[in-house]
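The values are calculated or read from the model by the stated rules, or taken from the named source; none is laboratory data. Note that the structure is predicted; figures quoted are calculated from it, not measured. Cβ placement follows ideal geometry from the backbone for every residue including glycine, while neighbour counts extend to all protein chains displayed. Protein only, heavy atoms only, side chains kept; ligands, DNA and RNA dropped before computing areas. Shrake-Rupley method; radii C 1.70, N 1.55, O 1.52, S 1.80 Å.
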Amino acid sequence: QVQLVESGGGLVQAGGSLRLSCAASGRTFSGYLMSWFRQPPGKDREFVAYITWGGGSTDYADSVKGRFTISRDVGKNTVNLSMNSLKPEDTAVYYCAAARVPVMFTAHNQYDYWGQGTQVTVSS
């Protein structure tokens with residue numbers, strides 16, 4: 001049974017930092033794209049960043065470029081999202097997701113597996 005379990009969310013002041021982790025289990029993820037999405041209150045789920053499990057290629061939403069960094073630890077089967085210079089508009093539930101490539105990485109309905117989400121709240 002495939003499981004993606006997020007951790008690391010919380011409450012932080014604007015300008016602060018948080019590091020989210022996603023523990024992946026239940027299958028090998030070679031050939032998969034691992035992404036972070038977020039869903040702000042009252043809004044649709046939106047793409048944040050992806051990393052390819054095998055090659056480590058990355059891409060980011062424009063709104064987080066230069067502030068967020070996605071990484072993976074193949075040995076520990078984890079995907080991390082380091083978030084710096086946080087803004088109130090980053091407040092959302094953050095989800096880890098996995099999709100077999102090729103995939104339209106911004107399209108959340110094309111992902112095969114999802115975590116339960118972790119809340120990030122940035123106060124002004």
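Side notes on the structure shown:
- Residue selected from the stretch 41-73 under the condition within 18 Å of V101 (Cβ to Cβ) and surrounded by fewer than 13 Cβ atoms within 10 Å (Cβ to Cβ), by the criterion modelled with the highest pLDDT: S57
- The stretch 9-26, subset in contact with a Phe, Trp or Tyr (Cβ under 9 Å, 6 or more places away or on another chain) and assigned to a loop (DSSP other than H, G, I, E, B), residue least open to solvent (accessible area, probe 1.4 Å): G9
- Matching option when the condition is open to solvent by 20 Å² or more (accessible area, probe 1.4 Å) and in contact with an Asp or Glu (Cβ under 8 Å, 6 or more places away or on another chain), among F105, F37: F105
- Scanning the stretch 66-93 for residues that are small (G, A, S) and under 21 Å from V5 (Cβ atoms) yields S71, G75, S82, A92.
- Under the condition of being part of a strand (DSSP E or B) and under 16 Å from T58 (Cα atoms), the residues counted in the stretch 27-40 number 6.
- Taking residues in the stretch 55-78 that are under 15 Å from L20 (Cβ atoms) and part of a strand (DSSP E or B), and partners anywhere that are open to solvent by 30 Å² or more (accessible area, probe 1.4 Å) and of a type in the set (A, V, I, L, M, F, W, C), the pairs with Cβ atoms closer than 9 Å and at least 6 places apart or on different chains are T78/A23.
- Looking only at the stretch 74-102, residues that are open to solvent by 40 Å² or more (accessible area, probe 1.4 Å) and in contact with a Lys or Arg (Cβ under 9 Å, 6 or more places away or on another chain) come to 3 in all.
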